[in-house]
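Visitor: Pasting in a structure now, in structure tokens, and then I'll have a few things to ask.
Laboratory data are not the source of any read-out in this text; all were calculated from the coordinates shown. As the structure is a prediction and not an experimental result, all values here were calculated from the model. Here the Cβ positions follow ideal geometry from the backbone for every residue, glycine too, while neighbour counts run over all protein chains shown.
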């Protein structure tokens, strides 16, 4: 006999539900749109005779109530009608729209689709129930399910009641809601529970009891930090019997730096963060400072409105700080297609589209992407509005390219004790450059005056009577013109000196000319095989006193080995020109400047060239010359010539800001050159990440609507569109300035915007219960699901805004609720009435994310390196990950602690992600990911069972157990088993589990004793109790690692 | 849906399945409901065999992907006119509005240096580079009028595999296994093999599950060594040892299932068990030495060596074992001239591919598998009628008029479909767009491409986006 659904149903129903037998079937079918299973004859719902009666005859008892448009009508119309009779005017059939009252009640020539009060005279109903193939709506060719009889009845009643429309729920302002009074006051811990209990009360369902302390501890640890509690933490909490032990635990966890790591991961999913460019080449790129910024911002509980503004438009904030610029990298996580022959404009447009869609998904929970090609079929988002949003993002300087960058050194966001350059040093270097630049204009004006007055730009004089020596005893030759030739045979390193006595009164600068010579290399001045040289240091002594050079420039610059390295007194660095670059061939020169002009007339000068780097990399032929006045123009001939020409043409002092003059001066301005050189030196050591950040063009690109979303097909007749947001939402603040991303950012978190707080709290809720209050967390539009607890959603949303957008407060509210603290054990009584646990009469068991599968095992095995932030790391991965990519990626496995960092820090290649993440459902972050799926596959089992990384953890854990509890007695055995359970599952074993574990270990010892070589391999070490014993324990911990419970938050 | 409807739906379905003898246990039902809540269709075991919309002629697919874009002018499309105009500038009318990856504008028409001849009953013309393929022309359906939207490798490969130019969407193989499940109990439903000097551009995004559950992602099998990542036990762990550990894990899991009543645990127990089976079935699969000498010779396969020939033979072994979708990537067909040319380099890649491709078709036919196995052969685009100005002979990427062939699985054998103009710039007859090809392949598998959908971010997504039509002319 068939059991009818729980009669308590009717308590939830408002409105009559008449219906017939087939209605159930259609209703059933209508609600399973993408399930082809449902269409199989064997599934035919018609077979469920009797069910329909039970379901749809209960309404009468509840008494008729007004039909709510949003609740009842919109879903029917949206599914059946809006595609052709909705917001999209291009696709609108018969010029009829049914998503507005005006549209639906328009006169269609003597009749109306909807005639309020008169369902029988409304064409909508007539067409829906028609049996004529050409008449019936929706038309069969649309392949849309027909509305069921039950739905038709609801529509009819709604029309009789006046056919009132309501705006879509999510676009309505967030309501101030009072938490309801409930019957079971005793079950209330905070207002969240009132909303949940109100519904449970109505159905006479009891909430589940609180989970036991151990489960709760593990749950809240995993949820807030992504790490399980250690045995010590377990002991401490289980001992604490004070009334607020749990609340204090929550506060501790919210204050833990690991909270930021855990919740950053969710945010980074949405930010589509990765450490590579994507597409086919998929080269590595340093985005990690942005990742660290997110972790820090969350740890500091940066208010979500600020968090939003800095990421969307940090670069546009007044006097943007470095931190704010780093935050703007949010929208630089778009992909770059570095494949040869790509059209940069095409992929620039792709990035802009992605920025619009991501913003829509993350903050608004809307599927804006639908409106890229045409007006949205279901939601009030027009094609034109899409491109108004597009206009906010259309002016960034990156064009499928690196674009604007910001150098960030390790240590700037999180401490990096091993860094050779401290962030303070690096910041000082940056500041010095900035200072030199900011004061340059005055010096430039003076320089220009001199230049205009000068009769020639530079005046070098070759000294007479030159002699040359070398430290090793090789014999340099001095030619007639004063050039010096150094024989290439001889000591591999050498110091070559030239001696002379200048004629002129003073010296301001010295010039070193490199002269290739066919005696050693016709193309390059270096004596090495490839023509290279390395000048470690150049020194000047005058009458025996060392006179240091203050700065230097060269006509060709190799940024890795600039000429400044020849005067930095660092024997590790040397001036070089890269022989692989064609420009390195031929004549080159470097100029070395004294701080002040020096009297040199008649004095003995020695210029010393130290070649103390590499082997046989001397300068083979050179000449030294002296200038009494420092040259005004740089050694690069083109730059110098252009500036010289300009200085002859312009009226004196008229145009000091001409780019060519600015460029020439920059190369000859001692403060700038010195500051840049120092920064270059620091950069060479610190290797800062060149973080991709946002920057807009000074003049915005005009935005044209792309017909059918095709950037090659702009709508020129419509003309450029101004940045703006969606008309259906509260307008942006008025402004007389052209709007920028900053205006958009402010609007997103404007308290009047109802979507941002709702979407945000819903996603947080989803992480705690496995499902949002709005299940379609990425679609708050009309095609999405309505909230199960709309009042709770609004209460949490308004609390978020009024609580200063504090996410930590929100977390605290949720995890301290009785609802959260319930047991997750399945209940028979609920299986009947609420199989999906929508009412939350219990908690849910949730498979943890890929990262936690690794991180928690690292904690349990004691291997974890809990360092925060920094460049990505390369833990072991199985061979062959790159066998299927275009080019193998560099993957030098990290050693030491870096091998055991949290998975969040593993380098992420979009085209070949680490198998841990691809196997356990992390997407490749080509686009935003607001929610990961959770699957069960054999490949997952293979990974946790066989992967080197997990084996390493099992071995370490086994050693750890023996270290903690040494000894071979039965009691010690049992204690180790218990500790193993405590470490990995955060609870002691049951008696049965203990017994089975003992049997397992006994059997393993016996089997492994017969193959001691295998045992040694399994144990990985012979330390402690010996390989067989250790191997048995390794198998034990390996088993624990592979349990369902370990990868489930209960 | 509001709460009430969601509850009602769940409860109704629960009743329905519990009462109609569908035979789902409580556990599978819970899974079904949970899957459905996530937006996924299949219940319980995500790889359970499912019936499509209508009976499909093809039960499985082997897709030989020629990565880089084979030149139709050197292989399939003899163009005497092009030879006649060799060295002349292309007619401006044909160049108008066309975009190319590398052409600078000074390129000249390039006549093929290859000799062509007609084969079989159908009289398909093939060049001298494909003598083995010549033997199976009458089993093959030739599409000479393919068109795509994109001319860069990565995006074009994504487009033909996923229907979209950017990464992030499910591939054809993922859709097929999502729709049909897999008949293999101990191998993945969608397997990817690779040969040639390097992996295909865009990597794993080509066989991605996109927003579908990860059960449907293509699993790369390496053709030598361990086929699957982590297939081998940890060092020192024997098969018995592994069995003992898995049994112990099963017991702990079973205990937890009893405690919590969460049906998900049963699913995980099944997955672990399948992993164990896979550890023995995958190495067995890879044992090409089990094949007869004559079979090995037909393919040109050498056990233990990674090659396209070995992969073709593996593909047959995979489909014999119930795998739903096998995709082989072979690089490199990107013959621009300069680095890779249409002379020796093309000859080399044809030698690697021709014999085994033909052998696969013949072997499947001989074993009665061709009837319901669809074989697809083709690249992401074709090449231009113009040569490139580079050191050696080569052509640029071209989105129109390229050739792709299919065999078995319900396509007309010996049909030559589509026609291009005399210079091969564009299609003059029966154009087949990538989305049409995808719609047709899904049709062959039994799916209405407009109805095989998955709801993601509020939209019902499909492989063919909002395009595609089934090419009825080529169906049996």
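Visitor: Show me A:126-133, A:637-644, A:939-946, A:689-696 ranked by packing, highest mean number of other Cβ atoms within 10 Å first. Intermediate results must be reported in sequence, preceding the final value.
Guide: Numbers: A:126-133: 13.0, A:637-644: 17.1, A:939-946: 25.9, A:689-696: 22.5.
For the peptides A:126-133, A:637-644, A:939-946, A:689-696, the packing ranking is A:939-946, A:689-696, A:637-644, A:126-133.
Visitor: Rounded to the nearest 10 degrees, what's the angle between the helix A:304-313 long axis and the longest principal axis of chain A, both from Cα atoms, 0 to 90?
Guide: The angle comes out near 50 degrees.
Visitor: Same structure again: Just counting partner chain Cβ atoms within 10 Å, what average do the residues of peptide A:946-952 show around their Cβ?
Guide: Working: counts 13, 3, 3, 0, 2, 5, 1.
Mean shielding by partner chains, rounded to a whole number: 4.
Visitor: Just to be sure I understand: of the beta bridges DSSP finds with both ends in chain B, what percent are antiparallel, rounded to 5? Show your work: numbers first, answer last.
Guide: Values: 24 of 48 bridges.
Looking only at bridges with both residues in chain B, the antiparallel portion is about 50 percent.
Visitor: Moving on. PRE reach from residue A:995 (point 7 Å along Cα→Cβ): which of segment B:235-267 fall under 20 Å by backbone N?
Guide: Zone members listed by number: B:247-260.
Visitor: Any idea how far the Cα center of segment B:353-394 sits from the one of segment B:416-458, in Å?
Guide: 18
Visitor: Multiply the residue gap between residue B:96 and residue B:389 by 0.36 nm, knock off their C-alpha separation, and tell me the result in nm, one decimal place. All intermediate terms of the calculation are to be shown ahead of the outcome.
Guide: Values: separation 293, 0.36 × 293 = 105.48 nm, distance 2.00 nm.
Extending this stretch completely gives an extra 103.5 nm.
Visitor: Calculated FRET efficiency, residue A:452 and residue A:474, Cβ-Cβ r, R0 51 Å, to nearest 0.05?
Guide: Working from the Cβ atoms, E equals 0.60.
Visitor: Then there's this: Sticking to Cα atoms, compute the Rg of segment A:67-137 to one decimal and its Dmax as the biggest Cα-Cα distance, whole number, in Å.
Guide: 11.8, 31
Visitor: Just want to confirm a number: the relative contact order over chain B, from Cα pairs under 8 angstrom separated by 6+ residues, in percent.
Guide: Values: 994 pairs, mean separation 129.1, N = 476.
It rounds to 27 percent for chain B.
Visitor: Evaluate E = 1/(1 + (r/R0)^6) for residue A:488 and residue A:601, where r is the Cβ-Cβ distance and R0 equals 35 Å; express this FRET efficiency to the nearest 0.05. Show your work: numbers first, answer last.
Guide: Values: r = 36 Å, r/R0 = 1.02.
After rounding, the FRET efficiency stands at 0.50.
Visitor: Mind giving me the nanometre distance, one decimal, between the label points for residue A:517 and residue A:102, set 7 Å out from Cα along Cα→Cβ?
Guide: With each label point 7 Å from Cα toward Cβ, the separation is 9.0 nm.
Visitor: Take the Cα of residue A:572, step 7 Å along the line toward its Cβ, and report every residue of segment A:525-556 whose backbone nitrogen sits under 17 Å from that point.
Guide: A:536-537
Visitor: Sticking with this structure for a sec: Can you give the calculated 222 nm mean residue ellipticity of the protein assembly as shown, where each DSSP H run of n ≥ 4 adds -39,500 (n - 2.57) and the sum is split over every residue, rounded to the nearest 500 deg cm²/dmol? Before the final figure, lay out the partial values.
Guide: Values: 50 runs with 555 residues, N = 1526.
Per the formula, -11000 deg cm²/dmol.
Visitor: Restricting to Cα pairs below 8 Å that are 6+ residues apart, what does the relative contact order work out to for segment A:948-1049? Please round to a whole percent.
Guide: Numbers: 104 pairs, mean separation 34.2, N = 102.
Answer for segment A:948-1049 is 34 percent.
Visitor: Based on the Cβ-Cβ distance from residue B:473 to residue A:715, what FRET efficiency comes out when R0 is 41 Å, to the nearest 0.05?
Guide: Numbers: r = 36 Å, r/R0 = 0.89.
After rounding, the FRET efficiency stands at 0.65.
Visitor: Quick one: if you stick a label point 7 Å off each Cα along the C-beta vector at residue A:175 and residue B:183, how many nm between them?
Guide: My value for the distance between the label points is 5.7 nm.
Visitor: If you consider only alpha-carbon coordinates, what radius of gyration and Dmax does segment A:458-631 have, in Å?
Guide: Reported Rg and Dmax, both Å: 14.8, 43.
Visitor: Taking every residue in B:257-266, how many Cβ atoms of other protein chains lie within 10 Å of its Cβ, on average?
Guide: Numbers: counts 2, 0, 5, 9, 7, 9, 1, 8, 6, 2.
Shielding by partners across B:257-266 averages 5.
Visitor: Something else now. Averaging sequence separations of C-alpha pairs under 8 Å and six or more residues apart, then dividing by the length of segment A:458-631, give the relative contact order as a whole percent. Before the final figure, lay out each step's value.
Guide: Values: 485 pairs, mean separation 66.9, N = 174.
The normalised contact order for segment A:458-631 reaches 38 percent.
Visitor: I'd like the distance between the alpha-carbon centres of segment A:923-943 and segment A:335-351, rounded to an integer number of Å.
Guide: 27
Visitor: What ranking, highest mean first, results for peptides A:216-222, B:469-475 when packing means the other Cβ atoms within 10 Å averaged over each residue? Let's see the in-between values first.
Guide: Working: A:216-222: 23.3, B:469-475: 16.1.
Output ranking for A:216-222, B:469-475: A:216-222, B:469-475.
Visitor: Figure the gain on full extension for residue A:587 and residue A:550 (residue separation times 0.36 nm, minus the Cα-Cα span) and round it to one decimal in nm.
Guide: Separation in residues times 0.36 nm, less the Cα-Cα distance, equals 10.9 nm.
Visitor: May I pose another question? How many angstrom lie between the Cα centre of segment A:214-242 and the Cα centre of segment A:627-693?
Guide: Here the answer is 61 Å between Cα centres.
Visitor: Next question. Is chain A rounded, prolate or oblate when judged by the Cα gyration tensor, a ≥ b ≥ c being the square roots of its eigenvalues, rounded requiring a/c under 1.5 and prolate requiring a/b larger than b/c?
Guide: Values: a/c = 2.80, a/b = 1.61, b/c = 1.74.
It is oblate, given that a/c is not under 1.5 and a/b is not larger than b/c.
Visitor: Another question, then. Please give the contour-minus-distance gain from residue A:213 to residue A:865: 0.36 nm per residue of separation, less the Cα-Cα distance, rounded to one decimal in nm. Can you show the working numbers first?
Guide: On the way: separation 652, 0.36 × 652 = 234.72 nm, distance 2.75 nm.
Answer, rounded to one decimal: 232.0 nm.
Visitor: To check you understand DSSP bridge types, tell me what percent of the beta bridges within the protein assembly as shown (both residues inside) are antiparallel, rounded to 5. Before the final figure, lay out the partial values.
Guide: Details: 82 of 108 bridges.
Within the protein assembly as shown, antiparallel bridges account for around 75 percent of the total.
Visitor: What spacing in nm lies between the two simple spin-label points modelled at residue A:806 and residue A:185, each 7 Å away from Cα in the Cβ direction?
Guide: 2.8
Visitor: Place a label point 7 angstrom from the Cα of residue B:81 along the Cα-to-Cβ direction, then list the residues of segment B:382-403 whose backbone nitrogen is under 17 Å away.
Guide: The answer is B:384-387, B:400-402.
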